[in-house]
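Contents: one structure, followed by commentary.
Every number in this text was worked out from the coordinates using simple rules, so none of it is lab data. Fair warning: this is a prediction, and the values are worked out from it, not measured in the lab. Positions of Cβ are backbone-derived with ideal geometry, glycine not excepted, and every protein chain shown enters the neighbour counts.
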Amino acid sequence: MFALRNDLAGIDWAAVKADLRRDGFDNGRTPDELYRSFAASAHTSVAWIGDRVVGTARLLADGICNAYLVDVWTAVGYRRRGIASAMVTDLLGRVPGHHVALFTEHAEALYRGLGFEVEEVGMSMVVGRWLNR
């Protein structure tokens, strides 16, 4: 069984980075940049089995009405056990009254099952170069 934690204590960010890379979920951040991304978030949810991180999710939120769900990942060997759903549900419970947005390429069914609806309008851009590199 997994346990959810909202703090970042004890996370081996190099191990998380290696797992993200192995799972094809690495977007180029260094272990320190991963830590800083999560530390700067309004809310985090991290799934643990024993001393291993097997899932992550975080919310960027203004505390009033808007939030953005990012970095929802479950390690390949632990998928389809309710971990992602539990992390997202945990985060949503902390932002009542907010419009929560996300982008997904492969998990539309997961998010539909949690009450999200497809919105046909959306745009994005990278300012300058990705990760300032």
How many nm is it between the label spots at Ala18 and Arg79, if each spot is 7 Å from the Cα in line with the beta carbon? 2.2
Taking Cα centroids, how far is the stretch 106-133 from the stretch 17-38 in Å? 18
Taking amide hydrogens as modeled 1.01 Å from N in the peptide plane, which residues meet the under 5 Å criterion relative to Gly55, leaving out close sequence neighbours? Ala47, Ala75
Arg36 label point, 7 Å along Cα→Cβ, cut-off 19 Å on backbone N: hits in the stretch 112-133? 126-133
Given Cβ charges of +1 for Lys and Arg and -1 for Asp and Glu, the option among Ser41, Gly115, Gly10 whose Cα lies farthest towards the positive end of the dipole of the stretch 3-120 is Gly10
Determine the sum of side-chain charges near Leu59: Lys and Arg each +1, Asp and Glu each -1, restricted to other residues whose C-beta is under 12 angstrom from that of Leu59. -1
Which whole-Hz couplings ³J(HN,Hα) result when phi for each residue of the stretch 95-104 is put into the Karplus expression 6.51 cos²θ - 1.76 cosθ + 1.60, θ = phi - 60°, listed in order with x for Gly and Pro? 10, x, x, 8, 7, 10, 10, 7, 10, 8
Given contacts defined as C-alpha pairs under 8 Å and at least six residues apart, what's the relative contact order of the chain, whole-number percent? 20
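Can you give the helix-only mean residue ellipticity at 222 nm for the chain, where every DSSP H stretch with n ≥ 4 adds -39500 (n - 2.57) and the sum goes over all residues, rounded to the nearest 500 deg cm²/dmol?
Details: 4 runs with 35 residues, N = 133.
The per-residue figure over the chain is -7500 deg cm²/dmol.
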Estimated distance in nm for a label pair at Ala101 and Ser124, the labels positioned 7 Å out from Cα along Cα-to-Cβ: 1.0
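Expressed as a whole percent, how much of the Cα-Cα distance distribution for the stretch 3-120 exceeds 26 Å?
Numbers: 997 of 6903 pairs.
Counting pairs separated by more than 26 Å, the tail of P(r) holds 14 percent.
Taking the number of other C-beta atoms within 10 Å as the exposure measure, put Ile64, Ile83, Ile11, Ile49 in order starting with the fewest.
Numbers: Ile64 9, Ile83 24, Ile11 19, Ile49 16.
Lowest count first: Ile64, Ile49, Ile11, Ile83.
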Compute, for the stretch 3-120, the length of the dipole vector about the Cα centre, with Cβ point charges of +1 (Lys, Arg) and -1 (Asp, Glu) only. Units Debye, rounded to 20. 380
